[in-house]
Amino acid sequence: PVFSLCADSEQHEKEQQVLKALNETATYVADVLINDQGYSRCDYNLTEGKWYDYEPPWQTGPAIYALTEAFRLTGEKNYIETAVWAGDWWVGLEI
């Protein structure tokens, strides 16, 4: 991981807060936004409590990038595995 322990405890606390936020967001992307078929859920209708597709290839690309960067920063294998799975779906479209 990029984040390291440092001598300054205040700086260390800030790094830990950033790392916690990064992990929470990446976990949400991996476990909620990327659906069972491997592409990104796109448009959530709050009043209906339902996801609607809205340009899944367009939405999946940034999710793949975010998960790749999260893996680079944390080393969490679930992030890169989900990114590869979503990438396989995306490439399979033969756009």
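The values are calculated or read from the model by the stated rules, or taken from the named source; none is laboratory data. As the structure is a computational prediction, the values presented were derived from the model and not from experiment. Here the Cβ is made from the backbone with ideal geometry for all residues, glycine too, and neighbour counts use every protein chain on show. The accessibility values were calculated without ligands, DNA or RNA, using every heavy atom of the protein model including side chains. Shrake-Rupley method; radii C 1.70, N 1.55, O 1.52, S 1.80 Å.
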Mind checking which residues of the range 80-95 are more than 15 Å from the chain's Cα centre (by Cα) and open to solvent by less than 60 Å² (accessible area, probe 1.4 Å)? Trp89, Gly92
If we keep just the residues of the range 55-79 that are in contact with a Lys or Arg (Cβ under 9 Å, 6 or more places away or on another chain) and open to solvent by 50 Å² or more (accessible area, probe 1.4 Å), which is farthest from Ile34 (Cα to Cα)? Phe71
